[in-house]
4 protein chains.
Amino acid sequence: MCRFLAWSGAPRYLDELVLNQEQSLVAQSRNALIGKTAINADGFGLAWYSDRNNPCFYKDTHPAWSDANLKQLTHHTRSGLFLAHVRASTGTATSRNNCHPFGYGRWCFMHNGQAGGHDAIRQQLDGMIPASLYGDRLGATESEAIFLIALGEGLDQNPIAAMARAVARVESLSRDSGALPFMRFAACWSDGERLFAARYASDRHAPSLFYRKCKTGIIISSEPLDADNGEWIEIAAGTAIETQGTVLTSHPFAPGVAATSPQIRGQHDAASSAA
Amino acid sequence: MCRFLAWSGAPRYLDELVLNQEQSLVAQSRNALIGKTAINADGFGLAWYSDRNNPCFYKDTHPAWSDANLKQLTHHTRSGLFLAHVRASTGTATSRNNCHPFGYGRWCFMHNGQAGGHDAIRQQLDGMIPASLYGDRLGATESEAIFLIALGEGLDQNPIAAMARAVARVESLSRDSGALPFMRFAACWSDGERLFAARYASDRHAPSLFYRKCKTGIIISSEPLDADNGEWIEIAAGTAIETQGTVLTSHPFAPGVAATSPQIRGQHDAASSAA
Amino acid sequence: MCRFLAWSGAPRYLDELVLNQEQSLVAQSRNALIGKTAINADGFGLAWYSDRNNPCFYKDTHPAWSDANLKQLTHHTRSGLFLAHVRASTGTATSRNNCHPFGYGRWCFMHNGQAGGHDAIRQQLDGMIPASLYGDRLGATESEAIFLIALGEGLDQNPIAAMARAVARVESLSRDSGALPFMRFAACWSDGERLFAARYASDRHAPSLFYRKCKTGIIISSEPLDADNGEWIEIAAGTAIETQGTVLTSHPFAPGVAATSPQIRGQHDAASSAA
Amino acid sequence: MCRFLAWSGAPRYLDELVLNQEQSLVAQSRNALIGKTAINADGFGLAWYSDRNNPCFYKDTHPAWSDANLKQLTHHTRSGLFLAHVRASTGTATSRNNCHPFGYGRWCFMHNGQAGGHDAIRQQLDGMIPASLYGDRLGATESEAIFLIALGEGLDQNPIAAMARAVARVESLSRDSGALPFMRFAACWSDGERLFAARYASDRHAPSLFYRKCKTGIIISSEPLDADNGEWIEIAAGTAIETQGTVLTSHPFAPGVAATSPQIRGQHDAASSAA
């Protein structure tokens, strides 16, 4: 399990959220207060949108708290849309290629969760990735696989439904393997315009996910960054949110349903886009 | 393309070959004299057999010449069977998981070469890896894939024929992709008792490979470690050698033939085991 | 503050203590049970004596728990005398040069503690290092400085008294700077024959230090490696121990006294050698 | 010896010079055409000025050509004043703390060269660093020491003369040690407004240094970035240049003279500010 946060709104320095909060992301890398894993020190990553087409990535394998470059870069970089992640490996190696966020074109994606039986299903998971995207399969995490599968499911056309279908397909593999939990999923993804987040689990234990509306934008975070808990709103399991500028909309996020029925899947798409 | 060396014989300190030769492996990491790539500084690796069942691996991503641990470990470790490799990436990331040698149980394997169209065939390559071995697919190189496929082809039973079949299968994928060169292959592998090496290409440019008989054992190396060139024997393309103790035997290594005809493949196996 | 352990006795695999204990050193890197800092993940190091003259060092900057090489090397290396350390930086950078153990010739040294006002006294500390040893000043920790100063104080001739004098000189610098605590010190050092450990503080908070006698040797450790607490003996503050083979002797370790009076320092030396 | 480049002028993406030139800095890291060391792969560093007070630093220990973060950051970062460096160690460890550029407040500094007898003079060199700056002595290179000594000599008040005095003091130490060459020095430094460069040696072998005037600014580089050699002007040994916006002025840079005579040093300062 991992910790992450994202910002959408007026441009601000990344260290304001990544470092300079009571329970900043770097603080969470040493001592996460919610979730199974207090220490999230198996690498980290940043993605931010600048004036280039694609986001900029900085990732490395050291603990976030001891990375001198991270302090420098977050102190000097300002962005209106950024994602940041600290990793706690659930098995795969500590390697830059296994660090989140993952990127493809304008898109980036980060994840906290797991699919049961990962070792048993990994080859099938790799086979599910569209051939044209396999060159972008750099690491070995199920997180990166879910992202690439979602791109194949039409992330560009329907960002929430495509992600739900990808999660459903991976959950289905996991169910076949028989290893619990089949799917725990909290994630954040963006195309540089909109920021999406979703929370879901095949059991009652969806990974934590919160957001907070500020004057100049919206923070999404695995856990509240400060003790001002009244301001932090927990995203309900089975829900996705979408932020564009300061407008936040909520959608159902129901991969299990989507997976078993194309009809319902179609409805879900409609519901999603109508929400 | 990469550089490597291996030793089979009386126990000796690894630094005698890895560091303390005119054209030692570390010297080759800065300035290889043969081959396409003078600089081989995208990581390195060592595997040696000790008194445990499986070989010990030390790999890292820095250039071999600047790694302080490498100097320490090769100076203090003595082994009668070891492999050492310096990497020049042909595309995949500089990552410990992409460093040679690769290991599985008693076996280890290292490689210098390439399969044309690697990006186009990588997913099929991953699909060729036996399901039971996919948990050991840690990186993204075709080298590691060839090794795991060879294990599935029966490396335990017939170490040279199984490797030839694996190379043939990968070459066949590469031919289908249409990207030249289809296969260039110099490799070394061991089960802790025997040391194998093979040299082969689908064109006229098999990567260089040499051996030298010493009083106490046999060195296999991508290029001579000293100017005493009369002592270094070039392994002919299409040939595999096997060393057990100080006994060296030579075998045909003809993946192209093996790939296209099960009958001939059977004969090759027979020839190989009779050699 | 940091955690460390050492073994003196019959040769054994390093992973038996470093990894395969209830509260192994790697477990302590994630969750130390005693001391101020639960997480000790700013690098690690090993030193072991083999059949070469000087000890072999393996150090790196990643957390001990995620280092694949550490698992390999400790599983395959057997030694009758080894030291292992996981670091929690008290300020200086995460850098291989700041990782313990430090080495000079046959000697190696590792430390858990601090000297108050480190930043203010660092230049004077560097000036205290004997000129002939300054080439071996590779990092910026006070730990390495204490070791090099101790070598200059005659570690070869009188390993405990020389260390006490070095600690006294550094404590004296710290007192002049006025920053508390002046000195907290738990350390372990060896010349390949004898293993020394000492515990001391200028206040009441000497860092924890224990030993346990086993059938085949002696373990020294920052905290017990298992819940069998009756077997673990706490070293009293102001005490040094020396193990040679299975013989353990105890000595006073009183840097404060030594520092203020050459006469008493002389007596201390005598007491020490007679203990 | 190392390679470096700097830009002063209209904001531009860093990769335009660092990566996308015929003989870009990254190309020089693999194959420098001028100078003693073709391979400059012992770490690298960037410093750029943004809208924060102090420059932003990104440094790491891998070869520049294989660092995925370097590609990302230089592609997305635009600055009107930046410095970039690839290192070839002349002895000290490959460590982030030994990577250039070095920083202090608004200032940053990078260097290509050496002072003879570095090991013998290092402790005296460290003693020369002003006490108030010693907390910023993070590594072990003479380059960082020269920078900190220059700050103490008044870099803020007189950037060229202070640097000349620092170089003179270090050369003097080197002369006392008797180890040739006493001083070879090519360097670049900036306060975020002005960019300075100097070339000097105590013998006839000053490290190479060039500049080129472009439409929108000035490039300083260890060697020409393209074959358009007519555009590249070699800086003469014993000369410093200063660029402010697109205005370039030239000054004598005569550390040897400055060192031996305060009177002449005063004149030099005057000459310098009048140039």
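The values are calculated or read from the model by the stated rules, or taken from the named source; none is laboratory data. Being a predicted model, the structure only gives us computed values, none of them experimental. Methodologically, a virtual Cβ is constructed for each residue, glycine included, from the backbone with ideal geometry; neighbour enumeration extends over all protein chains shown.
Tabulated data for the structure shown
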item	result
Exclusive hit being of a type in the set (A, V, I, L, M) and free of Cβ contacts under 8 Å to residues at least 40 places away in the same chain, set B:Ala187, B:Ala206	B:Ala206
Odd one out for D:Ala145, checked against (1) over 20 Å from C:Leu125 (Cβ atoms); (2) out of contact with any His (no Cβ under 6 Å at 6 or more places or on another chain)	(1)
First in region C:213-229 and more than 21 Å from C:Ala27 (Cα to Cα) and in contact (Cβ under 8 Å) with a residue 60 or more places away in the chain, second anywhere and surrounded by 13 or more Cβ atoms within 10 Å (Cβ to Cβ) and among the polar types (S, T, N, Q), Cβ under 6 Å, 6 or more apart	C:Gly217/C:Ser8
One residue from D:Leu138, D:Leu83, D:Leu133 being buried (at least 24 other Cβ atoms within 10 Å of the Cβ) and either over 24 Å from D:Asp15 (Cβ atoms) or touching a Ser or Thr at 6+ places or on another chain (Cβ under 7 Å) (or both)	D:Leu83
Breaking point among (1) farther than 22 Å from A:Ser66 by Cβ; (2) of a type outside the set (A, V, I, L, M, F, W, C); (3) assigned to a loop (DSSP other than H, G, I, E, B), for C:Gly9	(3)
In region B:53-71, residue farthest from B:Phe82 (Cα to Cα) [restricted to those that are in contact (Cβ under 8 Å) with a residue 40 or more places away in the chain and in a loop (DSSP other than H, G, I, E, B)]	B:Asn53
Number of positions in region D:122-140 that are assigned to a loop (DSSP other than H, G, I, E, B) and more than 23 Å from D:Ala161 (Cβ to Cβ)	3
Region B:119-130 - residue that is closer than 14 Å to B:Thr92 by Cα and in contact (Cβ under 8 Å) with a residue 24 or more places away in the chain and, of those, surrounded by the fewest Cβ atoms within 10 Å (Cβ to Cβ)	B:Asp119
Checklist (1) within 18 Å of the chain's Cα centre (by Cα); (2) within 12 Å of chain B (Cβ to nearest Cβ) applied to C:Leu83, failing item	(2)
Flag for B:His118 being closer than 18 Å to B:Ala197 by Cα and of a type outside the set (Gly, Ala, Ser)	no
Qualifying residue in region D:149-160 (condition: at pLDDT 95 or above and within 14 Å of chain C (Cβ to nearest Cβ))	yes
Subset of region D:248-275 (residues that are at pLDDT 90 or above, among the aliphatic types (A, V, I, L, M) and more than 17 Å from D:Ser172 (Cα to Cα))	D:Leu248
Single residue of region B:89-102 satisfying the filter (within 10 Å of another protein chain (Cβ to nearest Cβ), part of a loop (DSSP other than H, G, I, E, B) and of a type outside the set (S, T, N, Q)) that is surrounded by the fewest Cβ atoms within 10 Å (Cβ to Cβ)	B:Gly91
Filter pass, B:Ile149 being without any contact (Cβ under 8 Å) to a residue 40 or more places away in the chain and farther than 26 Å from B:Leu17 by Cβ	yes
Selection count, region D:49-71, where residues are over 18 Å from A:Arg12 (Cα atoms), at the interface with chain A (Cβ under 8 Å from one of its Cβ atoms), surrounded by fewer than 21 Cβ atoms within 10 Å (Cβ to Cβ) and not acidic (Asp, Glu)	2
A:Ile34 more than 13 Å from every other protein chain (Cβ to nearest Cβ), out of contact with any Leu (no Cβ under 6 Å at 6 or more places or on another chain) and surrounded by fewer than 24 Cβ atoms within 10 Å (Cβ to Cβ)	yes
Tally, over region A:142-193, of residues that are crowded, with 23+ Cβ neighbours inside 10 Å, assigned to a helix (DSSP H, G or I) and among the polar types (S, T, N, Q)	2
Condition met for A:Thr74 (touching a helix residue (DSSP H, G or I) at 6+ places or on another chain (Cβ under 6 Å), assigned to a loop (DSSP other than H, G, I, E, B), touching a residue at least 40 places away in the same chain (Cβ under 8 Å) and among the hydroxyl-bearing types (Ser, Thr, Tyr))	no
D:Gly113 of a type outside the set (Ser, Thr, Tyr), in contact with a Phe, Trp or Tyr (Cβ under 8 Å, 6 or more places away or on another chain) and either assigned to a loop (DSSP other than H, G, I, E, B) or within 14 Å of chain A (Cβ to nearest Cβ) (or both)	no
Qualifying residue in region C:107-118 (condition: more than 25 Å from C:Leu209 (Cβ to Cβ), surrounded by fewer than 21 Cβ atoms within 10 Å (Cβ to Cβ) and within 21 Å of the chain's Cα centre (by Cα))	no
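To keep it simple, each residue is scored yes or no on (1) surrounded by fewer than 24 Cβ atoms within 10 Å (Cβ to Cβ); (2) within 14 Å of another protein chain (Cβ to nearest Cβ); (3) within 15 Å of B:Tyr58 (Cα to Cα); (4) acidic (Asp, Glu).
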{"site": "B:Ala6", "(1), (2), (3), (4)": "no, no, yes, no"}
{"site": "B:Glu16", "(1), (2), (3), (4)": "yes, yes, no, yes"}
{"site": "B:Gly43", "(1), (2), (3), (4)": "no, yes, yes, no"}
{"site": "B:Leu46", "(1), (2), (3), (4)": "no, yes, yes, no"}
